[in-house]
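**Student:** Below: one structure in structure tokens.
The values are calculated or read from the model by the stated rules, or taken from the named source; none is laboratory data. Note that the coordinates shown come from a computational prediction; the quantities given were computed from them, not determined experimentally. Cβ placement follows ideal geometry from the backbone for every residue including glycine, while neighbour counts extend to all protein chains displayed. For the accessible areas, the whole protein counts, side chains as well, though only heavy atoms, and no ligand, DNA or RNA atoms are used. Shrake-Rupley method; radii C 1.70, N 1.55, O 1.52, S 1.80 Å.
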Amino acid sequence: MTFCISSASAVRNVWTTNENVIQFVDLATTDSKHFRGKLLCFSGRHRVNHTETRFPRTLAFATGSRKDKAERNSSLDALSDDITSFRCAESFAPDSNVDVSYPEPKTFFPGSIGDDQASVLDKLKALRFHILASEKWNSSQLNLCDRKYLECASNIIHYMALKSLDVEQLNNYLASLGMLSLDENNLDVLARLNATIQLLQNSLASKENAEGESWTSTDPKKLRGGKTKKLGKKEITSWNKELLLGNLCEGRSTHIMVTVGREATESETLITDLLKAGASIIRINCAHGDPSIWGEIIRRVRRSSQMLEIPCRVLMDLAGPKLRTGMLKPGPPVMKVSPKKDAYGNVVFPAQVWLSLRGTGPPAHLYPDATIYVQDKDFLAGLRLGDSVSLCDARGKKRMLRISKEFHVFSGTGFVAECGDAAYIESGTKLYVKGKKGKRSVGQVVEVPHREAFVRVKVGDLLVISRDKLLDEPSDPINGAHRITCSSSYLFDSVKPGETIAFDDGRIWGVINGTGPSEIVVSITQAGPRGTKIGSEKSINIPQSDIRFEGLTSKDIKDLDFVVSHADMVGISFIRNARDITVLKQELDKRGIPDLGIVLKIETESGFKNLPLILLEAMKCPNPLGIMIARGDLAVECGWERLANIQEEIMAVSKAARVPVIWATQVLESLVKSGVPTRAEITDVAYAKRADCVMLNKGKHIVEAVAVLDTILHSKLTDTRPELNQISLCDHLSS
């Protein structure tokens, strides 16, 4: 066997496989930005010594600059030129699937791109060499991955190696030949590349049939680019999806996740109604509530799932090191009941009030303006349709409630009462009903919630952020500035004057004017025309600041003990790099929970940039794995204009990793809050069909939103083309 090398490089520790692909046993340094190695072709299994090959580490430069990518593209051209500079004197072994005969170059389609098929074939082989070299370079990472994730991890490396080079010209050329692009199928990058090479080689080898033979008739076994595995790529993806998210009811292909909170414990029917509407996963945010509330929610989920025979899993999101506003002193425990009025102040529709015992919520199809809980069972038992309930509100005004409807729900009986005048009702308010014999029945209002405290800021206002835990009068400006709190030391230790700051997922923006050990002064630059509210536990983002967060906070570790014994999945918030996964793995190993699902929430720019390395690190754990695209913080951290491209790339990387994706934040937000969706929200849901799960946040119309989402996700496309009258040519000519 003879071969030629165009440079004087030395070969060191190079092996060939049965498939005639080079493997490197000992790799050289990576300081070079160009490929200096040569692709050697052998007829059998040989070992050749004294050649040195250098190539870049793919995952390290996957997000490099445009200049670096251009240099890597030139190196690909150089490598493909080196491939054509030598020929093998011997053919491949008979059992080889690769034909390396190189016909004389010719232009297959003149004027298409300018490259002939032989040149394109050389570049494709150089690309395959680049991908295999990247896999070998990262072999130490692959060896640490759990066995069930080995193929997934390898495909991530192949995908990032492909993305590190600009293959747009190659894709355009392949498209002109009627072939799919190289990055069309992320489930198996190497198999797609091998199939493309095989098709081009077949076309070059069959000169007489080059223009007439259909390339799609190639043996499918050859297109797979390797040996048949026990599980196909789609089967692996479906298996990973089922391990994490669970089974779906027949006829459904996409999971629906719903966030619930304290309201789920106040209504006996909410969880049941959500499951009936199409929800298959219930999400609990550990940033709100406490273990007593979480435990009651999970108990109701398990009971409803078993009763309805509808599979449902529970995801608990750890709060993470997210910056939030502190607790504001709550307002008084008083409830305002307001009827609908026209422009002249005339009542056009009375306020609808739900009247029942504590824990008996209204049916799912009712959306009352207020909910009043009464302490006395006998009082409610004596109510009848048409009765008038009188009361004296917090201002001393006499008001009347007329009973208009009665409902028997799962946990008891409730009534709908109409109120034609504005009333302020507080805990302890007495309710009176006159009976048939002139006696009056008395009831008492209980557990009226405190009014939500907030600070309303406008453009130009000053906002002072303090370390204090609680403010006595948060809504009143002090010395011309509004005040809120934040207990996190990360904020005060990292920010600098001139940096931008956002509140409540970007609803309010400002610029930091000054900083101190215990206070930060912010000038509001963006808010609503009439001002925007900032309440308790609202998000704070400083995109320009390099805040050094810890992976898991002390609260997260404490909450994890509850999660592992009650939930099916745990959501890890604000993942930034592989070190965060290492900390998580250590905590999971302490508790010995290999079956607990892990959902990595990508909501920062560093988390997006480090996603391949994060996935490789997470695949060292045996736990089921998934990705959540948390678009709320992600948009604020990375910029609104970049969100579409970023979520697209996260989807592509996750698809290459064959792990399920959860599409989250503001899905059908208008429908959930107000009952009417926007056109853009419907389109967003249709776009989210590519994900494995779509998440809805809580709101007044959440049950209706779940039903609409389920319909959109699982409806099939119909042919909407208009029917045309068929007129024959003869009839047309005769007319």
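**Student:** Of K585/K609; K538/K655; K555/K655; K533/K558; K276/K341, which ones are farther than 29 Å apart at the Cα?
**Tutor:** As for pairs spanning more than 29 Å Cα to Cα, those are K538/K655; K555/K655; K533/K558; K276/K341.
**Student:** For the pair K458 and K430, how long in nm is the line joining their label points, each one 7 Å along Cα→Cβ?
**Tutor:** 4.4
**Student:** Report the FRET efficiency, 1/(1 + (r/R0)^6), for Q544 and R679, where r is their Cβ-Cβ distance and R0 is 25 Å, rounded to 0.05.
**Tutor:** Given R0 = 25 Å and the Cβ-Cβ separation, E is 0.15.
**Student:** Using a 10 Å cut-off on Cβ atoms, rank the peptides 160-171, 657-668, 247-258 from the highest mean neighbour count down.
**Tutor:** 657-668, 160-171, 247-258
**Student:** Please find the FRET efficiency linking N645 to T711, where r is the Cβ-Cβ separation and R0 is fixed at 35 Å, and quote it to the nearest 0.05.
**Tutor:** For N645 and T711, the calculated efficiency is 0.75.
**Student:** What distance in nm separates the two pseudo spin-label positions at K329 and R451, each 7 Å out from Cα along the beta-carbon direction?
**Tutor:** Distance between label points: 1.5 nm.
**Student:** Still on this structure, I have one more. Could you list the residues of the range 646-684 with an amide nitrogen less than 15 Å from a label point located 7 Å from the Cα of E242 in the Cα-to-C-beta direction?
**Tutor:** 660
**Student:** For the range 519-594, what is one quarter of the convex hull surface built on the Cα atoms, given in nm²?
**Tutor:** In nm², the orientation-averaged hull projection of the range 519-594 is 8.0.
**Student:** Find the percent of Cα-Cα distances in the range 283-424 that exceed 22 Å, and round it to a whole number.
**Tutor:** Tail of the P(r) past 22 Å holds 57 percent of the pairs.
**Student:** Over the range 295-406, with every protein chain in place, what whole percent of the accessible area is carbon and sulfur at 1.4 Å, could you tell me?
**Tutor:** Accessible surface attributable to carbon and sulfur in the range 295-406 totals 53 percent.
**Student:** With each label point set 7 Å from Cα along the Cα-Cβ vector, what nm distance links I293 and K590?
**Tutor:** 2.6
**Student:** Expected output is a single nm value to one decimal: the length gained when fully extending between K341 and L385, i.e. 0.36 nm times separation in residues minus the C-alpha distance. What is it?
**Tutor:** 13.3 nm
**Student:** How big is the dipole moment of the range 329-407 about its Cα centre under a simple scheme where the beta carbon of each Lys and Arg is +1, that of each Asp and Glu is -1, and everything else is neutral? Debye, nearest 20, please.
**Tutor:** Here the range 329-407 has a charge dipole of around 300 debye.
**Student:** In Å and from the alpha-carbon atoms only, list the Rg and Dmax of the range 261-356.
**Tutor:** Values for the range 261-356 (Cα only, Rg and Dmax): 18.6, 53 Å.
**Student:** With a probe of 1.4 Å, find how much accessible area the range 638-689 has per residue, and write the answer as a whole number in Å².
**Tutor:** Ligands and nucleic acids excluded, the result is 43 Å² per residue.
**Student:** Sticking with this structure for a sec: Can you tell me the length gained on complete extension of the stretch T582 to K148, counting 0.36 nm per residue apart and subtracting the Cα distance?
**Tutor:** So the extension gain works out to 154.3 nm.
**Student:** Moving to a separate point now. Quick check: at a probe of 1.4 Å, how many percent of the accessible area of the range 497-568 sits on carbon and sulfur atoms?
**Tutor:** 47
**Student:** For the range 474-568, report the accessible area per residue in Å² (1.4 Å probe, heavy atoms, rounded to an integer).
**Tutor:** In whole numbers, the range 474-568 has 47 Å² accessible per residue.
**Student:** Using only Cα atoms, what Kirkwood radius does the range 590-677 have, in angstroms?
**Tutor:** Roughly 14.2 Å, rounded to one decimal.
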